[in-house]
Amino acid sequence: MRKVGGGKRRVGWQAWRLETLEGVRLPPLAAIGAVRLLVLVVLALAPSHEADARRLPGEQVARHLIDVALREWRDWGRTTVDASDGTARLERMGAHEDDSHPFDARARVHRYWALGTGSAGANGAPPGAGAPWSAAFVSFLMQQVGVTAPAFVGDAAHARYLRALLRYEREAGSDAQFELLLAGNETLRPGDLLCGPRNISRLRDRITLLRMEDVDDLELLTASHCDLVVTVDLRRQVAHAVGGNVFDSVAMTKLPVTTDGRVIRTLARPWFLVVRAR
């Protein structure tokens, strides 16, 4: 520590000669009491890192995420995709991202960018023409339910916000809002974020689908996709998930699950990760 001044200075109660406050002369003890009160007020008003990190009830977060996702899906005209047999087939097309009438899809996508990632331009435009907006959609969902940094850091790329979630979980432990789990080991729950790769990994001789075997493999992920699970039907062995930028719309996709509710990984939807609110 750098010393200020040339010599030692003894500081004790006698050195505290604070006797005035706002021009009013006070006895020394009263002045000390006033200072203590002022410090308490400042501490109470100052932002708290613990408050920033405080997590919301997991069931509440899951329920509200589903509500917002279904609202958006209905607004877009209920685009529906069937991926239950390992392929992805469009069953119903609602609004397309380029539509402006009767539903202004372009304005809605701009809203996802602006509120979800803060990366929209002055007029709400995305950062680049044709930029994928599925991560902006997920970031928008989180923003709408009040889950913000450091619990969730909105981003234009799924891979980046997933890595941020993993780092924060390892730093905060059980205080983190979300836990990251391998999809193959988990029974899906409504409100889960289901994520998988959509590209070749940085290891050029290995396909991402084969590499995604552990949560740490997130470091190899360059491009990915996440949808929000809204229903799980164990009897029919299907789940439904809502995502953005699916067939250039906000779509609900039917997915295959096992008898105990674990998602089945396919080439069309190579899910490997579940992000679950605690």
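Quick notes
- Conditions (1) farther than 14 Å from Val275 by Cα; (2) in contact (Cβ under 8 Å) with a residue 24 or more places away in the chain; (3) assigned to a loop (DSSP other than H, G, I, E, B); (4) touching a helix residue (DSSP H, G or I) at 6+ places or on another chain (Cβ under 8 Å); number of the one not met by Ser100: (2)
- Looking only at residues in the range 200-258 that are among the charged types (D, E, K, R), in a loop (DSSP other than H, G, I, E, B) and modelled with pLDDT under 95, the one that is farthest from Arg167 (Cα to Cα) is Asp205.
- Residue within the range 149-157 that is under 12 Å from the mean Cα position of the chain (by Cα), surrounded by fewer than 16 Cβ atoms within 10 Å (Cβ to Cβ) and at pLDDT below 95 present: yes
The values are calculated or read from the model by the stated rules, or taken from the named source; none is laboratory data. Quick caveat: nothing in here was measured; it's all calculated off a predicted structure. So basically every Cβ, Gly included, is an ideal-geometry build from the backbone, and we count neighbours across all protein chains shown.
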